[in-house]
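The values are calculated or read from the model by the stated rules, or taken from the named source; none is laboratory data. Predicted model, so just to flag it, every value in this text is computed and none were measured. Glycine also receives a Cβ, built like all others from the backbone with ideal geometry; neighbour counts cover every protein chain displayed.
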Amino acid sequence: MAAPSVKINNLTAFENWGKDKPDTWLNQLATRIALRGLPRVLTTFDLAESSVPLEEQKQLLLQAFRASFLIWTSAFYPNQNIGFAQKEAAEDLRKAIAKVKKHVDGKELVAGRVILIVADYVGTTDKDQLLRPALELSASLGSPARGAGEWDAIGADAEWLEGNLGNENDLSKQALWLLDVRGDSRYLTNFPLSMREPFDRFDKSKLVVNGPWYVWLKWYRGIIPNTTGDKPTSAFGERADVSIAALKRDFWNRPADDVVEELARLVESRALSEDGSVDGVGEADFDRSKSPRNAWLAQFKDGDRVAQWVSEARADTEIDWKIGNRNIDEMRPGDAVVYWRTITKGRDKGGIVGTGFINSADRILDTGGVERVKTTVVEFFDEAPVDRKEVIAQTGLNPGMWQFSLYQLPNDVAEKINSLLESHNRKGLISESISSSRPPAGEVVFVSDAPENDEDLLGRADLSFMLAARLNRIWDEMAKNPGNAGFVVHIDAPWGGGKTSFANYLVSMLNPYRFNKSLPKVLSGIHLENENFWPAKYRRPWFIVDFNAWQHQHVNPPWWCFYQAIRKQTFDAVRAKLNPDPDNSVVAKLGGRSSGWIGRHAKWLKLWMAELWWRLFQPKTRNLLGISIVTLLMAFLAIRYGLLSFDDTKNKFTWSFDSWPPLVLSAATLTLGGASAIWAFVSVISESLFPGSPASANNYSLGAGDPLERFRKHFSGFLKRLRHPIIVVVDDIDRCEPQFVVELVRGMQTILKSPRIVFLLLGDRDWIEQAFSEAHKVMQGIDVGSEHTFGGRFVEKAIQLSIILPDIPKEQRSEFVRSLLGVDYDSETSIEQLPENERKIVEDAMIKLDTTLEPSQRDRDASEVRDTIANLQSIDDELKEKVVTAIDRRTALRSAADEKVQAATRHRLEPISDLLPPNPRQIKRIINSIALFQEIARTTLRIQPDTKNWRQLVLWIILMTEWRQTFMTLATWPELVSRIHDPETQVSIAGLDNSSADEWTEAILANPDAMALLDFPSVKGAPNEWSDSRIDAAAIKRLNIIFPPTSGRTLPSSV
């Protein structure tokens, strides 16, 4: 491209050109100014010598790259709504700039400020704001001559926009520099020397050479690109780009090296899932040489030299594969391999016959001089291949990919092949192809971050069992009140805290029959087969509905796609066969039985008929009937009064008129009426039977007095006809835009209304509360209480039970990491390790605990067993601790489904009834939380009912529910409670200045209701049995294991 004809060489020229241009044009130019200037951020400091603290340097780099990446993603994928994330990135970049500004001249931070401005004002229509990036650029460049190349680039962009009317949005798909700005033809990459030098210096720094920061340079090289004629490309792929853009703020606000290391690992390993979720990321060290970043198709046919080796292939067999003329520069050890056999005459049509991995990417020469690479087989199934046609239809694999002996598969094709293999009960590519067996002890390999479905190494299965029992009881109670809305449970945990894994455990307990193979390991030891633990009435299979909110946020109204997901997945569940494994004692004893094929499909057909009747017999149908009746009436009148008669001689209807007005009137009536009737009939039938869009939601209710009441009645009746409990798992709600979140939650309570459904929300509570605040800004002035946010009040109304996933105890965390690293650990249960006599004592006690009906007696029996174990001289203290923990766990599991436990809990709470809020809804929530978490406390902290620690637990739960900010403040700084109990004591609190500590102490002391919970023994009339219940710092630290301060705000501070 020659010098631009649009002359823009300074700010004034830019302002004159842009004053009558569309805002979208200026937005695009601002985006490109920021992206072109990104390398200038690297000139802010020298990583080797700088007065800026190293972590502050890295944070500025990280936040600048992050904000730039979001700016680019927003422009490159305009249909993806990531404005929320862009705003957050701008805020974090602003903080990073402010810290570095203390050490360097502000002019050196201009590139960062330009990026900040563009990120902060995404989508703005304010021309002054749109011109600010150019203003900052102009101020930093000084004379026009100094910045001629950059101003020319702006002019080139402007010229491109004027010459591509109608395609303006495609500017983001063009090279960043439309002019040749290299300054030296020896360079391939097209960007100016002023940008190249800091870029190249950073590329040679330790952060890139010895660390993971190369991932950012890899992205930036893709968007430059090499020549002015090339188009920018995504180095990671659209799926990964959008997933990275959606990563939550918690991910980014950590030490910079940790963030970049994890980001590089996720990108290189393709661990980012299709919806952007990276929940439950493993803790294996990042190693660029071991990250499986690619998948390769290894093709052969009968008669090939390799065919003989393949015919003998078994797990762990090494096969040297021909490279041919393929480029394997991107190949790394650990890359996945798909073995593909082409069409074989008289045998079958070929397909996938095995999986494996690249053993070594080093080229080797065989005796014939052919270059090969070593592969290792993980699984081979040549006799039962995954059929060629199915692979092509399901994955997009095409002939161009299997015409070579070795072919690098595109990421999306590899992922679809992975899913297809897993659906055939074969080992997948991403999570299992690296090693066919357990890794050697101490060897660190890539660990998939996919949510766990099978094994519980973090102690979360017990909580899921207790919640499953609670939900069964709640569902029974709700079903008695047909007018109630569904029950909403919220699971809260930090990013990567295992929310999805926990949900997987929960649904496997609510419906263990849906597995067409052996039960997940997570169900072992839960005692589902024992009716004392899992009553017969709880053995009904729940219908499980999965709904990813983030993937559906483009649909409006949200509740309609929500309903369609519920209807489709429950209908499928009705037809599905329950799959009890006859070799599995748990399922066999559960007695899961499935109706025959005819019975299941008859019920499915009955449900469909009711659905079709509702769709057809709607307000529009009634209008159609009215039109039809009027049309028939007019025809009848025409015949009755002789205007229309049947001529036998001509065998047709004829008109008879004495004058033209009746003719015109009759013809118009019949023509319009008939056409209307036909059109209405066709449209109603098509919309009812083939509801292809969310607009169909209106068609089923239009014309009704309350447009949504008809749908509510249908939904309630539909769930009643299912005659099964339903749980809808709503994941990634904290990735959605505020309005979508609000409409979705509101739909659960007011539209999808039925007491036969439970909604399980997985997401950050702060995000949900902020969404409600954003959606109701006009009402922000309303007083909602001193310690509650405006959005928080809405969330309290919508969510009946909120559960913070407990922290992971150190012992379980160590066991989890050891398992990931392949280190063997002693799997023998603690009771089996006891000497024979002691083991018999404990086993007899366990039987007694299982069969005791009264909770109070069961607690006393457990206490006696614990005392017996403590007095044994034949075993060491470590084994005693394990045995007592096993006893507490079994007691807690036994109590989880015991309906008498709740009555006993209410009885224990009577002495503190005055501390409970005057709100019946809140009282129920508090009792639900106490009943659930007292059993978790028993297993996790060995807290027994009616003890000092139990009483502190109860008071803490009430404080957490009613005084959220006080709870967050004390949970974050437990030592602060010592000042509250003794204001004269000046306890030093790490991380908290004295001014804030004094201010918060004063605020809490001024709150008598909160103080009554923190120091209940000092309350007038407090019962003697609660005299030891004062909450001190030790109690808070202990309870933080169960209630970690995950989300929420601390008390406000003026400091």
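Structure data summary
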| read-out | value |
| --- | --- |
| Selection status of GLU899, under 20 Å from ALA937 (Cα atoms) and free of Cβ contacts under 8 Å to residues at least 12 places away in the same chain | no |
| Positions within segment 466-496 being under 30 Å from VAL259 (Cα atoms) and either in a helix (DSSP H, G or I) or not hydrophobic (A, V, I, L, M, F, W, C) (or both), in sequence order | HIS490, ASP492, PRO494, GLY496 |
| Qualifying residue in segment 26-34 (condition: within 30 Å of ASN164 (Cβ to Cβ), modelled with pLDDT of 80 or more, in contact with a Pro (Cβ under 9 Å, 6 or more places away or on another chain) and not hydrophobic (A, V, I, L, M, F, W, C)) | yes |
| The listed residue being modelled with pLDDT of 80 or more, on the phi < 0 side of the Ramachandran plot, in contact with a helix residue (DSSP H, G or I) (Cβ under 7 Å, 6 or more places away or on another chain) and in the same structural domain as TYR220 (by TED's automatic domain parsing), out of GLN63, GLN80 | GLN63 |
| Count - residues of segment 1000-1016 that are crowded, with 16+ Cβ neighbours inside 10 Å and over 17 Å from LEU915 (Cβ atoms) | 3 |
| Check on PHE502, surrounded by 22 or more Cβ atoms within 10 Å (Cβ to Cβ), modelled with pLDDT of 85 or more, closer than 24 Å to ILE566 by Cβ and of a type in the set (Phe, Trp, Tyr) | yes |
| Complete set of residues in segment 693-742 that are surrounded by fewer than 18 Cβ atoms within 10 Å (Cβ to Cβ), modelled with pLDDT under 80 and outside any loop (DSSP other than H, G, I, E, B) | SER696, ASN698 |
| ASN623 over 23 Å from GLU529 (Cα atoms) and either hydrophobic (A, V, I, L, M, F, W, C) or modelled with pLDDT under 70 (or both) | yes |
| Given (1) touching a residue at least 40 places away in the same chain (Cβ under 8 Å); (2) hydrophobic (A, V, I, L, M, F, W, C); (3) crowded, with 17+ Cβ neighbours inside 10 Å, index of the condition LEU916 fails | (3) |
| Those residues of segment 1004-1018 which are free of Cβ contacts under 8 Å to residues at least 12 places away in the same chain and not in a helix (DSSP H, G or I), in sequence order | ALA1006 |
| Criterion (more than 27 Å from ASP492 (Cβ to Cβ) and part of a helix (DSSP H, G or I)) met by exactly one of THR1001, THR985 | THR1001 |
| Residue in segment 1023-1033 that is in contact with a Pro (Cβ under 7 Å, 6 or more places away or on another chain), in contact (Cβ under 8 Å) with a residue 12 or more places away in the chain and under 20 Å from LEU463 (Cβ atoms) present | no |
| Among the residues listed as ARG951, ARG938, ARG979, the single one being without any contact (Cβ under 8 Å) to a residue 40 or more places away in the chain, surrounded by 22 or more Cβ atoms within 10 Å (Cβ to Cβ) and not assigned by TED's automatic domain parsing to the domain that holds SER786 | ARG979 |
| So SER863, is it out of contact with any Cys (no Cβ under 9 Å at 6 or more places or on another chain), in contact (Cβ under 8 Å) with a residue 60 or more places away in the chain, under 25 Å from SER1029 (Cβ atoms) and hydroxyl-bearing (Ser, Thr, Tyr) | yes |
| ARG723 vs. criteria closer than 28 Å to ASP476 by Cα and of a type outside the set (Ser, Thr, Tyr) | yes |
